[in-house]
Amino acid sequence: MPGEPTWEQWFAAYGELVLEAARVAEEVGAEMLCVGCEMVMSDGQEARWRRLVADVRAVYSGLVTYNCDKYQEDRVTWWDAVDVVSSSGYYPTGTWDENLARIEAVVERV
C-alpha cells in the first residue's frame, strides 16, 4: 500500500526497538524477553524474524519468546528460533481441550 513501509523497513525500525529492549533486559538480568506480541501480519516473515531473534541473542543471554495471536500457533514457522512457544489463548469457553490438543501438536513439532 502506498505510503506504508516495506517489510525490510519495518523490521529495521522495529529491530532497533527490540534490540534496545534486549540490551536493557540483559543489563537488569531479565529471565525472558518477548520479541513480539500478536503481530499476525508479520508472522509469515520467517527469515526476518529469524534474523531479529539471532540479533537479540547476540546481546541478550536469557530466554527468548514470541507471543502469537490465538489460532495462529501453526502459522508461525520459526518457533524453533525461540526458546518458548507463547500464545494469547483467548479461546471460547468449552473449547479448551480441543485448542490444547491443537497447540500441543504445534509444540511437539518444534
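The values are calculated or read from the model by the stated rules, or taken from the named source; none is laboratory data. Being a predicted model, the structure only gives us computed values, none of them experimental. Quick reminder, even Gly has a Cβ in these numbers, built from the backbone with ideal geometry, and neighbours come from all protein chains shown.
In the stretch 49-99, which residue that is among the aromatic types (Phe, Trp, Tyr) and outside any helix (DSSP H, G or I) is nearest to Gly29 (Cα to Cα)? Let's see the steps before the verdict.
Just the residues of the stretch 49-99 that are among the aromatic types (Phe, Trp, Tyr), to begin with: 49, 60, 66, 71, 78-79, 90-91, 96.
This time we only want the ones that are outside any helix (DSSP H, G or I), so: 60, 66, 71, 78, 90-91.
On the way: Tyr60: 9, Tyr66: 19, Tyr71: 32, Trp78: 25, Tyr90: 30, Tyr91: 33 Å.
Only one residue tops the list, namely Tyr60.
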- Of the residues in the stretch 60-69, those that are surrounded by 15 or more Cβ atoms within 10 Å (Cβ to Cβ) and in contact with a helix residue (DSSP H, G or I) (Cβ under 8 Å, 6 or more places away or on another chain) come to Tyr60, Gly62, Val64, Tyr66, Cys68, Asp69
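Name the single residue that is nearest to Asn99 (Cα to Cα) among those in the stretch 36-75 being β-branched (Val, Ile, Thr) and at pLDDT 95 or above. Don't jump to the end; show me each part of the working.
Keep residues of the stretch 36-75 that are β-branched (Val, Ile, Thr), which gives 40, 53, 56, 59, 64-65.
Within this subset, residues satisfying the condition of being at pLDDT 95 or above are 53, 56, 59, 64-65.
Details: Val53: 27, Val56: 30, Val59: 35, Val64: 24, Thr65: 20 Å.
Across the stretch 36-75, the extreme among qualifying residues is Thr65.
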- Hits in the stretch 33-51 (condition: surrounded by 14 or more Cβ atoms within 10 Å (Cβ to Cβ) and among the aliphatic types (A, V, I, L, M)): Leu33, Val35, Met39
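Give me the residue from the stretch 4-32 that is among the small types (Gly, Ala, Ser) and exposed (fewer than 12 other Cβ atoms within 10 Å of the Cβ) and, out of that set, modelled with the highest pLDDT. Outline the logic, then answer.
Within the stretch 4-32, the first condition is being among the small types (Gly, Ala, Ser), and the residues that meet it are 12-13, 15, 21-22, 25, 29-30.
From what is left, the residues that are exposed (fewer than 12 other Cβ atoms within 10 Å of the Cβ) are 13, 29.
Details: Ala13: 96, Gly29: 99.
Checking each candidate, the answer is Gly29.
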- Within the stretch 76-110, residues more than 20 Å from Leu33 (Cβ to Cβ) and small (Gly, Ala, Ser) come out as Gly89, Gly94, Ala101, Ala105
- Note on the structure: Being over 21 Å from Glu104 (Cβ atoms), in contact (Cβ under 8 Å) with a residue 40 or more places away in the chain and either assigned to a strand (DSSP E or B) or of a type in the set (Gly, Ala, Ser) (or both) narrows Gly15, Gly44 down to just Gly15
